[in-house]
Structures are given as C-alpha cells and as structure tokens.
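Report on the structure given below.
The values are calculated or read from the model by the stated rules, or taken from the named source; none is laboratory data. All of these numbers come straight from a predicted model, not from anything done at the bench. Cβ sites come from the backbone with ideal geometry, for glycine too, and all protein chains shown count toward neighbours. Calculation scope for accessible area: heavy atoms of the full protein, side chains included, ligands and nucleic acids excluded. Shrake-Rupley method; radii C 1.70, N 1.55, O 1.52, S 1.80 Å.
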Amino acid sequence: MEEMVGPRLYSCCNCRNQVALHDDVISKSFQGRNGRAFLFSHATNIMVGPKEDRQLMTGLHTVADVYCCDCREVLGWKYERAYEETQKYKEGKFILEKSKIVKENW
C-alpha cells in the first residue's frame, strides 16, 4: 500500500486506507449512487473493476467501479469514456462518494 504524505487526505470509511489527496479534488458538486460525490484527478490504493456503459445524469459514459484495495469497499467509479463532447474532461478521472470516504489530517 502506498502511504501518502500531505496535510489533508481522504481515506476509505471502512478501513481507513488512504485513497486520495484533497489537492486532487476537481469538484465537490457531483452526484454518486448514494448522494454527494467528489471528482478527483487521481486516486490511489484502489482497484478498478470491469468497464461498463452506464447512463448517468450527464449522459452515457463508460465507467469502471473503483474499490478500496484493502477491504474491497466500493468507493465510486472511474470515468473511462464520455460519449458527449462536453463531458470529455471527466475521462480518466475518479468519482469518490462522500459517504464512502473520510477526512484525515484536517
């Protein structure tokens, strides 16, 4: 497991495995399966599941669920492909659901 060093981190709510840096937050105004979600440019200590096409609020996307590599908790998803031109900026980025992550070192 990669140990992150930084003043503000996000960890898995289940096992406290560090999964993202606050500095990598792009937006806090996304919607996940279970409420609010954050868009991150990077995530670490995660596993990426199989790709699938999913109809989301902003249109059709190819996404892959992301899991904590320690406890296997589903944390959100990775945008693999956006079919609409206005959504292309999401490709390669990660949604982590607010209910699945906790703040560390704040």
Original post:
List, please: which pairs have Cβ atoms under 7 Å, are six or more places apart or on different chains, and start with a residue in segment 38-60 that is farther than 13 Å from LYS78 by Cα and open to solvent by 60 Å² or more (accessible area, probe 1.4 Å) and end with one that is assigned to a strand (DSSP E or B) and not polar (S, T, N, Q)?
Top reply: LEU60/ASP53
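Residues of segment 6-26 being part of a strand (DSSP E or B), open to solvent by less than 20 Å² (accessible area, probe 1.4 Å) and farther than 12 Å from PHE94 by Cα, which ones? Walk me through how you get there before you give the answer.
Just the residues of segment 6-26 that are part of a strand (DSSP E or B), to begin with: 9-12, 18-21, 25-26.
Subset that is open to solvent by less than 20 Å² (accessible area, probe 1.4 Å): 9-12, 19-20.
Passing the criteria: LEU9, TYR10, SER11, CYS12.
Going by the structure shown, is PHE94 surrounded by 18 or more Cβ atoms within 10 Å (Cβ to Cβ), modelled with pLDDT of 95 or more and touching a Ser or Thr at 6+ places or on another chain (Cβ under 9 Å)? Can you show your working first?
Values: surrounded by 18 or more Cβ atoms within 10 Å (Cβ to Cβ): yes; modelled with pLDDT of 95 or more: yes; touching a Ser or Thr at 6+ places or on another chain (Cβ under 9 Å): yes.
Yes: the conditions hold for PHE94.
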Original post:
Any idea which of (1) open to solvent by 90 Å² or more (accessible area, probe 1.4 Å); (2) of a type outside the set (Gly, Ala, Ser); (3) at pLDDT 95 or above is the one GLU3 doesn't satisfy?
Top reply: (3)
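Based on this model, can you work out whether SER29 counts as in contact with a Cys (Cβ under 8 Å, 6 or more places away or on another chain), open to solvent by 50 Å² or more (accessible area, probe 1.4 Å) and of a type outside the set (Phe, Trp, Tyr)?
Working: in contact with a Cys (Cβ under 8 Å, 6 or more places away or on another chain): no; open to solvent by 50 Å² or more (accessible area, probe 1.4 Å): yes; of a type outside the set (Phe, Trp, Tyr): yes.
So SER29 fails the test.
Return the residues of segment 34-61 that are at negative phi and in contact with an Asp or Glu (Cβ under 7 Å, 6 or more places away or on another chain); say none if nothing qualifies. Before the answer, list the steps.
As a first pass, look at segment 34-61 and keep what is at negative phi: 34, 36-44, 46-58, 60-61.
Residues satisfying the conditions are ASN34, ALA37, PHE40, SER41, HIS42, THR44, GLY49, LYS51, LEU60.
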Subject >> When residues of segment 61-91 are limited to those that are closer than 15 Å to THR44 by Cα and of a type in the set (Val, Ile, Thr), the one most open to solvent (accessible area, probe 1.4 Å) >> reply: VAL74
